[in-house]
Amino acid sequence: MQVPLQFEFQNDQTFASFFPGNNAEIVTQLQALAENGQEQQIFIWGDAGSGKSHLLQACCQQAKLAGKDPFYLAFDIDHLPAPTLLDGLEDLELVCFDNMQALAGHLDWEHALFAFYNTHRQNNHKLLLAADCPPKFLGFDLPDLKTRMAWGLTLKIQPLRDDQLIEALTYKAHFLGFDIPPAVGRFLLNHYVHDLAALWLLLEKIDRATLAAQRKLTIPFLKQILADET
């Protein structure tokens with residue numbers, strides 16, 4: 001067996017640090033998957049910034065706590081590794097693949113993934129997949145591969161409502177170690193609500209800025225941080 005490459009997990013991306021909103025059932029299903037629940041395969045999909053990568057990372061963290069040896073990989077359409085990366089992964093109890101849409105049209109990857117999928121499933125191991133669309137809309141050239149993507153449970157990550165966004169900001173900021181007053185949160189959302197992925201990244205920069213300046217987050221200070229971003 002070829003020993004697969006090791007990829008670092010994001011220790012801060014746990015189930016505890018994920019604001020569920022209307023996605024509590026997804027969290028419950030993924031926690032069960034990490035701890036040997038009934039489901040063998042789960043496919044989650046949603047828009048950019050909806051938390052797909054966070055949930056896959058969280059599932060890996062939970063699996064490690066349960067004594068398993070999970071594997072996580074986010075595919076990048078511009079930097080796809082060689083399909084030989086899959087060699088040996090069929091022996092791992094939990095494999096999590098992110099950005100599945102990036103593999104569409106790459107026949108070498110599709111064939112390799114099909115072979116991995118069959119062996120991994122025969123070994124009765126768990127598989128967690130994520131993409132920006134449901135399985136039936138993945139642009140795979142191998143029809144049988146697309147079919148297998150839908151064999152398990154398919155779940156859509158529900159977007160946060162406007163009234164939940166401030167809660168999510170407060171929740172995520174708390175885990176980063178700083179507070180966002182409601183007025184500051186509303187100001188931030190008015191400027192960044194159109195791009196949730198950028199919003200979560202901005203929270204980390206706000207955290208570093210408040211720590212470096214030893215200042216509480218106010219609207220004038222937030223405007224200064226935002227100005228530094230442009």
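The values are calculated or read from the model by the stated rules, or taken from the named source; none is laboratory data. Since we're looking at a predicted model, the values are computed, not measured. For neighbour counting, all protein chains shown are included, and Cβ atoms are generated from backbone atoms with ideal geometry for every residue, glycine included. Accessible surface is based on the protein model in full, side chains and every heavy atom, while ligands, DNA and RNA are left aside. Shrake-Rupley method; radii C 1.70, N 1.55, O 1.52, S 1.80 Å.
Remarks
- Computed over Cα pairs, the Kirkwood radius of the chain leads via Stokes-Einstein (1.306 mPa s, 10 °C) to a diffusion coefficient of 84 µm² per second.
- Ratio of Rg to Rh over the range 1-112 (Cα coordinates, Kirkwood Rh, two decimals): 0.95
- Here, the range 146-202 is characterised by an Rg to Rh ratio of 1.16, where Rg is the alpha-carbon radius of gyration and Rh the Kirkwood radius.
- Considering only the Cα atoms of the range 43-87, their convex hull presents on average a projected area of 4.2 nm².
- Of every Cα-Cα pair in the range 50-180, the percent that sits beyond 20 Å: 51 percent
- In a fully extended conformation the segment linking ASP108 and VAL27 would gain 25.9 nm over its present Cα-Cα distance, using 0.36 nm per residue.
- Averaged over residues, the count of other Cβ atoms within 10 Å places the peptides 56-62, 176-182 in the sequence 56-62, 176-182, highest first.
- Cut-off 16 Å (backbone N to label point 7 Å along Cα→Cβ of ASP47), residues of the range 186-223: 189-201
- Table column - 3J(HN,Hα) (Hz), the range 81-91, Karplus curve with 6.51, -1.76, 1.60, x for Gly and Pro: x, 5, x, 5, 4, 6, 4, x, 5, 5, 8
- Heavy-atom accessible surface of the range 2-105: percent carbon and sulfur, 1.4 Å: 47 percent
- With a Förster radius of 41 Å applied to the C-beta separation of CYS133 and LYS216, the computed FRET efficiency comes to 0.50.
- Among the listed pairs LYS136/LYS156; LYS156/LYS223; LYS126/LYS172, those beyond 24 Å (Cα-Cα): LYS156/LYS223; LYS126/LYS172
- Residues in the range 104-130 that a label on ASP141 would reach, taking backbone N under 13 Å of a point 7 Å out along Cα→Cβ: 104-112
- Rolling a 1.4 Å probe across the protein heavy atoms gives the chain an accessible surface of 51 Å² per residue.
- Only helices enter this figure: runs of n ≥ 4 DSSP H residues, each worth -39500 (n - 2.57), summed and divided by the residues of the chain, yield -14000 deg cm²/dmol at 222 nm to the nearest 500.
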